[in-house]
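Here is the structure we will look at.
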Amino acid sequence: MDKPIIEISGLKNFLGGQWVHSDVNLTVKKGEILAIIGGSGSGKTTLLRSILMLQEPSAGRIHVFGEDVLSIDEADANEIRKRWGMLFQHSALFSALTVAENIMFPMKELTTLDSQFMRELAMLKLALVGLSKETAGKLPSELSGGMQRRAAAARAIAMDPELLFLDEPTSGLDPLSAKKFDELILFLRDTLNLTVVVISHDIESLKRTTDRVAFVGKGKIISVEPIEDLMNNKNPLIQDYFSKA
Amino acid sequence: MAMIMDKPLANLNYDSDEKRYICEGNWAIQMVSELQSSLIPSTLPRATSLTISGKDLLHFDSAGALCLFNFITDLRKNENQVELIDFNEQQQALLSIIEEKQADLKYIPSPPEKHSLLYNLGKETITKLGQAQGLTAMIGDIAYKLLSAIHHIKRLHVPSIIATVYNTGVTALPIVALLSFLIGVVLSYQMGLQLETYGANIFIAYISGMAIFREFSPLITAIIVAGRTSSAFTAQIGSMKINEEIDALYTMGLSPTELLVIPRVIGLLIVFPLLIFWSVFFATLGAMFMSKAMLDVGYFDFLSRLQDSVGIKQLLLGLYKAPAFAILIAIVGCYQGMLVQASADSVGRQTTKSVVQALFLIIVADAVYSIIYSWLGI
């Protein structure tokens, strides 16, 4: 039970003619909300993409749910993919499908549920992320940015993942929506027993939601600690980051 | 995947002594369809006081919760008293959310409204009229911007024109050459079959020359360019539109027509006659080779006959079509690009439309040219 959900060691990434990561070591524990922060271009998204198997790292080891994701075959990889959900920065909802169809899409493709149950489950996810039932029949383009983010979150939790990735979930949201979205994340973590990895720049949001924060800089994880401790960290890079904010 | 395999399956047992249902194992989304189809009993007790125990649950996600909730609802319908025991706080929270929202779960989004034939006909008419208006406005805009650009050569955006010439002309040379050559071969083969029976072999130069110069080369070039370029214009401008680049130009007080459409129109106007000439050259070459191989008409005979009987005049009649085709293809491509809405579907739809409309208009324009030529008796 207490085995870490994600274990990364010695991760290196060479991209666009430079080393984005030189030596990344990170452990994510079950049930925690861990944030990854760092300056622009410090390789937060690359790190996330490496974990998500969207990008092959140059060197290093990544274990997710105890499996080495760099050496497993495609079938096992797909089993892992069924157990996580990702909320992309720009929502990445399928523009041709309605919100309900978007949420039902992974269920349709990956399970044998009957359609009545699937629809009810999709409506439940909508209710969980706090969207009204009328939203179900709408197309993503008919929703505001904040609602799209919520709909994308509903799709990310469609398969009841154990692990949820969020890429800048509150960027572009007004403070109230951002606060509500944070409450949603906490609520989902508590009801669905999720482990959450989030990339964020929003200090307020980090204070509200995270258990630990990993600071990425100079190709390494400089420090992993609760946000209050991190803000008092004497490392010049970290000091610099928070002085800007 | 040892870990997943080891996970015990979901189960629902009934303890008849204690009148208790016991949920066991993994009530997770992967298990739910099995639970529903075989594990949940179809014959339910009636008017009994039941308990459901969640003590042996290992994993209980929202799909499992919804499944259990549906089961409880069925039990209650049979006038049973149901009490939940040994569910932890989190599991109860999940179940109570479902109970709270149960009315919403049955909601089915209303299907898109269906309209009568008359309504659709009217709507389509308005859309088409709107498009015709938009196209006309764009042509007007192009003309106006061109006229005002006469005094300011900088506003013609020569680098963009050169880029268009390169992308639509230079890169199209190999495919135009190959297809024209093949058309020339096929054409003279088909005609040669007929001419041979009359022993009129030398007429192959006249007949294939006329067909290639006047019809085949302009048309085959136009078809290739419509397929390559009109779709490219639509996709380029369409993705700029989705990316709000067009709006960015408007907010800077710049005109997308001037910056995006006019360079493409002028570029294609420059390159189109050259492409037709290129096509004529290779089609004639193909016809010449085939005449030699099949009808034994020598290269010199073929060419001198071509010069005497067909001549430059017929070549020009073909080249006169170039401006019309170029303008049609460029404007249709750009206009369809401007119509793209913010969805991946839309780019595909408008690109298809742009190619189909460009081909349609080319054939219509070709027919108009034929009518005009026949009026003029040439």
First in the stretch A:2-27 and part of a loop (DSSP other than H, G, I, E, B), second anywhere and surrounded by 13 or more Cβ atoms within 10 Å (Cβ to Cβ) and among the charged types (D, E, K, R), Cβ under 8 Å, 6 or more apart: A:Asp2/A:Lys29; A:Asp2/A:Lys30; A:Lys3/A:Lys30; A:Pro4/A:Lys29; A:Pro4/A:Lys30; A:Ile5/A:Lys29; A:Ile5/A:Lys30; A:Ile5/A:Glu162
Some residue of the stretch A:142-155 being touching a helix residue (DSSP H, G or I) at 6+ places or on another chain (Cβ under 9 Å), under 21 Å from B:Ser343 (Cβ atoms), buried (at least 18 other Cβ atoms within 10 Å of the Cβ) and facing another protein chain (nearest Cβ under 9 Å): no
Members of the stretch B:109-153 that are exposed (fewer than 12 other Cβ atoms within 10 Å of the Cβ), more than 27 Å from the chain's Cα centre (by Cα) and within 14 Å of another protein chain (Cβ to nearest Cβ): B:Ser110
Qualifying residue in the stretch A:110-131 (condition: surrounded by fewer than 20 Cβ atoms within 10 Å (Cβ to Cβ), charged (D, E, K, R) and part of a helix (DSSP H, G or I)): no
Condition check for B:Ala93: among the small types (Gly, Ala, Ser) and within 14 Å of chain A (Cβ to nearest Cβ): yes
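From the list B:Ser291, B:Ser304, which one is more than 36 Å from the chain's Cα centre (by Cα) and buried (at least 19 other Cβ atoms within 10 Å of the Cβ)? Reasoning before the result, please.
Details: B:Ser304 fails: buried (at least 19 other Cβ atoms within 10 Å of the Cβ).
Unique residue meeting the criteria: B:Ser291.
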Single residue of the stretch A:99-113 satisfying the filter (closer than 24 Å to B:Glu100 by Cβ and at the interface with chain B (Cβ under 8 Å from one of its Cβ atoms)) that is farthest from the chain's Cα centre (by Cα): A:Leu113
Residues located in the stretch A:80-100, provided they are buried (at least 18 other Cβ atoms within 10 Å of the Cβ) and either part of a strand (DSSP E or B) or free of Cβ contacts under 8 Å to residues at least 12 places away in the same chain (or both): A:Trp84, A:Gly85, A:Met86, A:Leu87
Complete set of residues in the stretch A:212-232 that are of a type in the set (Asp, Glu) and either at pLDDT 90 or above or under 25 Å from A:Lys12 (Cα atoms) (or both): A:Glu225
In the stretch B:139-177, the residues that are touching a residue at least 40 places away in the same chain (Cβ under 8 Å), of a type outside the set (S, T, N, Q) and more than 13 Å from B:Leu275 (Cβ to Cβ): B:Ile139, B:Asp141, B:Ile142, B:Lys145, B:Leu146, B:Ala149, B:Arg155, B:Leu156, B:His157, B:Ile161, B:Ile162, B:Ala163
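Collect the residues in the stretch B:299-342 that are of a type in the set (Lys, Arg) and out of contact with any Asp or Glu (no Cβ under 8 Å at 6 or more places or on another chain), keeping them in residue-number order.
Selection gives B:Arg305, B:Lys313.
Please go through the stretch B:138-158 and pick out each residue that is in a loop (DSSP other than H, G, I, E, B) and more than 14 Å from B:Leu254 (Cα to Cα).
Residues satisfying the conditions are B:Ile150, B:His151, B:His152.
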Count of residues meeting criterion [within 14 Å of chain A (Cβ to nearest Cβ) and either among the hydroxyl-bearing types (Ser, Thr, Tyr) or surrounded by 16 or more Cβ atoms within 10 Å (Cβ to Cβ) (or both)] in the stretch B:332-348: 4
Per-region count, the stretch B:9-58, residues touching a strand residue (DSSP E or B) at 6+ places or on another chain (Cβ under 9 Å), closer than 27 Å to A:Glu109 by Cα and among the acidic types (Asp, Glu): 1
Number of the exception - A:Glu120 against (1) touching a Leu at 6+ places or on another chain (Cβ under 7 Å); (2) of a type outside the set (Val, Ile, Thr); (3) more than 8 Å from every other protein chain (Cβ to nearest Cβ): (3)
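A quick yes/no check of all residues on (1) among the polar types (S, T, N, Q); (2) buried (at least 16 other Cβ atoms within 10 Å of the Cβ):
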position	(1), (2)
B:Ser38	yes, no
B:Ser42	yes, no
B:Thr48	yes, no
B:Thr51	yes, yes
B:Ala63	no, yes
B:Asn70	yes, yes
B:Asp74	no, no
B:Gln81	yes, no
B:Asp86	no, no
Yes/no for B:Phe277 being in a helix (DSSP H, G or I), over 30 Å from B:Gly130 (Cα atoms), at pLDDT 90 or above and aromatic (Phe, Trp, Tyr): yes
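The values are calculated or read from the model by the stated rules, or taken from the named source; none is laboratory data. Keep in mind that what you see is a predicted model, and the values were worked out from it rather than measured. A quick note on method: Cβ atoms are made from the backbone with ideal geometry, for glycine too, and the neighbour counts reach across all protein chains shown.
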